[in-house]
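Structure record follows, encoded as structure tokens.
The values are calculated or read from the model by the stated rules, or taken from the named source; none is laboratory data. What you see is a predicted model, and the numbers here were worked out from it, not measured in a lab. FYI the Cβ positions are ideal-geometry reconstructions off the backbone, even for glycines, and counts take in every protein chain you see. These area figures cover heavy atoms from the full protein model, side chains too; ligands, DNA and RNA do not enter into them. Shrake-Rupley method; radii C 1.70, N 1.55, O 1.52, S 1.80 Å.
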Amino acid sequence: MFKFLQQVGDYAKGTVQAAKYIGQGLSVTFDHMQRRPVTVQYPYEKLIPSERFRGRIHFEFDKCISCEVCVRVCPINLPVVDWEFDRTSKKKKLNHYSIDFGVCIFCGNCVEYCPTNCLSMTEEYELSTYDRHDLNYDNVALGRLPYKVTQDPMVTPLRELAYLPKGVSDPHDLPAGAPRPGKFPQDIIEATKAQEDSEKDKAEAAQ
Ligand code: SF4
Ligand code: SF4
């Protein structure tokens, strides 16, 4: 009889323990049900790339002088500059230009060293294709400007974590004027210019 009662007592204790654990698990579930997910619901929502984001390269055919500096500074000599010498104008004539983004490491060297600034890095990061050869962009594909996340009516743009106000980690439903931690590059340039002007004025006044 005593053994039976002990078994019933152990069973009851086990049941209470199990109910407690289930309750703890469900409390976490219910807590998360009330929160909005911080995750970005791609492709309906997209993060706004930062100002210095190194995405797909943009190329301006008319500006290129076929100097091949971009090839020499590229760690893998990637850009293909196909040119011929034009005897009439005694200048190099560019025929084709291409970069294979299946191989490019987006280091930005070519953009940095191009003497005519005909290369620039865009904010485009959606480069997935079914065939990797499709990533070999010719001068026509490189000349296309990407669609901005902020101008796409089909997409809700969200700020990256680094651009959220201090202490905020959820980019959803932020008021438009919510401050970001740092200044925009344009603001920094203007502030620097204003400081330089005031220093110049002071120096002139002192003379
Ligand atoms: S460095 Fe610039 S100008 Fe020279 S070949 Fe490359 S893209 Fe053209
Ligand atoms: S970004 Fe870097 S790896 Fe890509 S083409 Fe330019 S220099 Fe080469």
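Percent of C-alpha pairs per 5 Å bin in the range 46-159, short distances first: 2, 11, 20, 22, 18, 13, 7, 4, 2, 1, 0. Inter-label distance, I65 to K166: 4.8 nm, where each label sits 7 Å from its Cα along the C-beta direction. In the chain, if the dipole is taken from +1 on Lys/Arg beta carbons and -1 on Asp/Glu beta carbons about the Cα centre, which of Q41, P185, I65 is farthest to the positive end? So the residue furthest toward the plus end is Q41. Between K193 and Q7, the simple spin-label model (points 7 angstrom out along Cα→Cβ) gives 8.9 nm.
Within 10 Å of each candidate Cβ there may be at most 13 other Cβ atoms; applying that plus a DSSP loop requirement, which trypsin sites (Lys or Arg not before Pro) in the range 145-195 survive?
Working: sites: K148, R159, K166, K183, K193; in loops: K148, R159, K166, K183.
Here the sparse-neighbourhood loop sites are K166, K183.
Considering the chain at the alpha-carbon level, its Rg and Dmax are found to be 29.5, 114 Å. Gap in Å between the Cα centre of the range 14-51 and the Cα centre of the range 90-109? Centre-to-centre (Cα) distance: 46 Å. Here the contact order of the chain, divided by its residue count and restricted to Cα pairs under 8 Å and six or more residues apart, works out to 22 percent.
R0 = 22 Å: FRET efficiency of K183 with V103, Cβ-based, nearest 0.05? The partial results should precede the final answer.
On the way: r = 36 Å, r/R0 = 1.63.
So, using R0 = 22 Å, E works out to roughly 0.05.
Over all other residues within a Cβ to Cβ distance under 15 Å of A178, the charged ones net out to +1, with Lys and Arg as +1 and Asp and Glu as -1.
Between helix 185-206 and the chain, what is the angle of the helix's C-alpha long axis to the longest principal axis, kept within 0 to 90° and rounded to the nearest 10? Value to nearest ten degrees: 60.
Under 19 Å of direct C-alpha separation, and excluding same-chain neighbours fewer than eight residues apart, K63 reaches these aspartates and glutamates: D82, E84, D86, E112, D138. Counted by Cβ distance under 14 Å from E124, the other residues give a net charge of +2, where Lys and Arg count +1 and Asp and Glu count -1. Gain on full extension, evaluated as 0.36 nm per residue between T29 and N117 minus their Cα-Cα distance, stands at 26.3 nm.
Accessible area per residue for the range 86-207 is 73 Å², calculated with a 1.4 Å probe on protein heavy atoms, without ligands, DNA or RNA.
Where the accessible area of the range 46-159 is counted over protein heavy atoms with a 1.4 Å probe, how much of it, in %, is carbon and sulfur? List each step's numbers first, then the result.
Details: 3800 of 7430 Å².
Within the range 46-159, the accessible surface is 51 percent carbon and sulfur.
Given their separation in residues at 0.36 nm each and the Cα-Cα distance between them, Y147 and A205 gain 16.0 nm when the chain is fully extended.
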